[in-house]
1. Right, residue A:65: in contact with a strand residue (DSSP E or B) (Cβ under 9 Å, 6 or more places away or on another chain), more than 11 Å from chain B (Cβ to nearest Cβ) and under 18 Å from residue A:87 (Cβ atoms) or not?
2. Among the residues of the stretch B:24-36, is any of a type in the set (Phe, Trp, Tyr) and more than 12 Å from residue B:74 (Cβ to Cβ)?
3. What about residue B:84, is it modelled with pLDDT of 95 or more, more than 26 Å from residue A:88 (Cα to Cα) and not in a loop (DSSP other than H, G, I, E, B)?
4. Restricting attention to the stretch A:10-34, and to residues there that are modelled with pLDDT under 90 and in a loop (DSSP other than H, G, I, E, B), which single residue is farthest from the other protein chains (Cβ to nearest Cβ)?
5. Can you name the number of the only condition in (1) surrounded by fewer than 14 Cβ atoms within 10 Å (Cβ to Cβ); (2) farther than 20 Å from residue B:106 by Cβ; (3) at pLDDT below 95 that residue A:72 fails?
6. In the set B:31, B:24, which member is within 22 Å of residue A:45 (Cβ to Cβ), more than 11 Å from every other protein chain (Cβ to nearest Cβ) and in contact with a Ser or Thr (Cβ under 7 Å, 6 or more places away or on another chain)?
Amino acid sequence: GESVGLHLPTLSVQEGDNSIINCAYSNSASDYFIWYKQESGKGPQFIIDIRSNMDKRQGQRVTVLLNKTVKHLSLQIAATQPGDSAVYFCAESPANQAGTALIFGKGTTLSVSS
Amino acid sequence: KAGVTQTPRYLIKTRGQQVTLSCSPISGHRSVSWYQQTPGQGLQFLFEYFSETQRNKGNFPGRFSGRQFSNSRSEMNVSTLELGDSALYLCASSLLASGGGSHEQFFGPGTRLTVL
């Protein structure tokens, strides 16, 4: 089936390190990708998105890279802080699907120790 | 601007009962999507409503239904509850215009449903 998955279920880093969270997607027709952060007891929070006509997009302390050749998506967090500890999900939006339905990966739990 | 609100936040039901969950989108957003989140299956798309019409539906049984009102508020209903329906039900709203535009979805805090 079509799904978006993450390579690692957990990632532990030290405060100040750079974090890289990876995601592989299977639907080459997907044209929109998003990273969400979910803290305990809260709904997913939008971090950054990227369309398939781009390879890289930068935000505040975050960068998303898209490699369409190998269908790979990554989220880079610079100078990781304890407040970045959360579950991170990548999601894709298939181009042939009406509406805003997103297909989510399983998530990577990022733990930041100080 | 107020975010997406969901009521109730927590709910306990028994097998066989039915439940209705409510979602109020961000003011001006006309698209509302519902997702089920469980530890085993992760986040799964239930359905999406836009201008009171269901535009898309995920792979869930007919016991799961929804509707949207003229003010864009949405409700989802689950009938004949099963133990496996225990989950966090998330609502997300979007400005998405028909045919394109930003897909950015803003999620509410969710309703935690426990079926005993």
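The values are calculated or read from the model by the stated rules, or taken from the named source; none is laboratory data. Only a predicted model underlies this, so the values are computations on that prediction, with no experimental measurement involved. No Cβ is skipped: glycine too gets one built from the backbone with ideal geometry, and neighbour counts run over all protein chains shown.
1. Answer is no for this residue.
2. Residues of the stretch B:24-36 that are of a type in the set (Phe, Trp, Tyr), as a first pass: B:34-35.
In the following step, the residues that additionally are more than 12 Å from residue B:74 (Cβ to Cβ) were identified as B:35.
Yes - at least one qualifying residue is present in the stretch B:24-36.
3. Values: modelled with pLDDT of 95 or more: yes; more than 26 Å from residue A:88 (Cα to Cα): no; not in a loop (DSSP other than H, G, I, E, B): yes.
Here the answer is no, as residue B:84 does not meet what is asked.
4. That would be A:28.
5. (1)
6. Working: B:31 fails: more than 11 Å from every other protein chain (Cβ to nearest Cβ).
Step by step, each of B:31, B:24 is checked, and only B:24 is within 22 Å of residue A:45 (Cβ to Cβ), more than 11 Å from every other protein chain (Cβ to nearest Cβ) and in contact with a Ser or Thr (Cβ under 7 Å, 6 or more places away or on another chain).
This table checks each residue for (1) in contact (Cβ under 8 Å) with a residue 60 or more places away in the chain; (2) farther than 30 Å from residue A:108 by Cβ.
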site	(1), (2)
B:43	no, no
B:52	no, yes
B:58	no, no
B:63	no, yes
B:71	no, yes
B:75	no, yes
B:82	yes, no
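Yes/no per residue for (1) within 14 Å of another protein chain (Cβ to nearest Cβ); (2) outside any strand (DSSP E or B); (3) closer than 27 Å to residue A:32 by Cα:
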site: B:37; (1), (2), (3): yes, no, yes
site: B:46; (1), (2), (3): yes, no, yes
site: B:70; (1), (2), (3): no, yes, no
site: B:76; (1), (2), (3): no, no, yes
